[in-house]
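The values are calculated or read from the model by the stated rules, or taken from the named source; none is laboratory data. Please read all numbers here as calculations on a predicted model, not as lab measurements. FYI the Cβ positions are ideal-geometry reconstructions off the backbone, even for glycines, and counts take in every protein chain you see.
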Ligand code: HEC
């Protein structure tokens with residue numbers, strides 16, 4: 001009997017939960033939050049794609065970036081970018097990706113130079129993200145590209161030059177799972 005009551009009680013509570021969910025689903029107005037303003041959307045809409053068309057005005061070279069790097073980045077990423085202790089190594093590793101000990105850095109692994117700009121702009125320095133100006137981000141990106149042997153020290157990076165930089169691992173990424181794409185094609189639904 002006790003078991004029955006327990007089972008009945010459990011079933012009843014499950015029923016009540018479903019009833020509650022159903023009642024909620026029928027209530028279309030929550031009156032929560034507000035529509036984002038164009039300014040608010042702009043503040044979040046900072047993604048920069050491979051072609052760099054979202055890059056802002058401004059420019060910088062490795063020479064300017066070196067000073068900023070020493071002041072704002074070296075404490076975590078190491079003075080040369082190769083000697084980081086607790087943070088990712090930012091320099092080196094070119095040609096190691098196909099070896100048993102691959103060293104993945106923004107220079108050796110990342111396919112697009114514009115992603116370095118985007119990353120620094122949104123996330124670094126880690127203790128003060130969003131504090132750098134566009135000019136400073138261009139200079140720091142140039143500095144990391146230079147230290148990785150990808151551009152020259154005097155090369156100026158801006159919205160036009162940065163997307164043209166050829167990264168060593170540009171063609172190292174394959175479309176995901178080509179076998180699955182083919183299998184679907186055989187059933188008539190090619191993506
Ligand atoms: C307080 C420590 C700290 C400081 C200062 C800092 N970083 Fe970082 N950085 C990190 C950590 C930790 C990561 C790994 C991602 C994470 O945990 O946020 C990272 C990741 C990165 C990456 C991506 C590396 C990868 O391969 O994924 C780049 C690029 C980078 N930082 C650049 C910079 C630059 C440029 C500066 C100076 C403006 C800077 N960081 C300052 C700690 C720091």
Counted residues, the stretch 139-153 - those being touching a helix residue (DSSP H, G or I) at 6+ places or on another chain (Cβ under 7 Å) and surrounded by 18 or more Cβ atoms within 10 Å (Cβ to Cβ): 9
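I want to confirm something. Restricting to the stretch 60-90 and keeping residues that are outside any helix (DSSP H, G or I) and more than 10 Å from the ligand (Cβ to nearest atom), which single residue is surrounded by the most Cβ atoms within 10 Å (Cβ to Cβ)?
Across the stretch 60-90, the extreme among qualifying residues is 60.
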Failed criterion for residue 130 (all others in (1) within 8 Å of the ligand (Cβ to nearest atom); (2) not in a helix (DSSP H, G or I) hold): (1)
Failed condition for residue 94, given (1) at pLDDT below 95; (2) outside any loop (DSSP other than H, G, I, E, B); (3) surrounded by 12 or more Cβ atoms within 10 Å (Cβ to Cβ): (2)
Residue in the stretch 109-124 that is farthest from the ligand (Cβ to nearest atom), counting only those that are closer than 19 Å to residue 157 by Cβ and assigned to a loop (DSSP other than H, G, I, E, B): 111
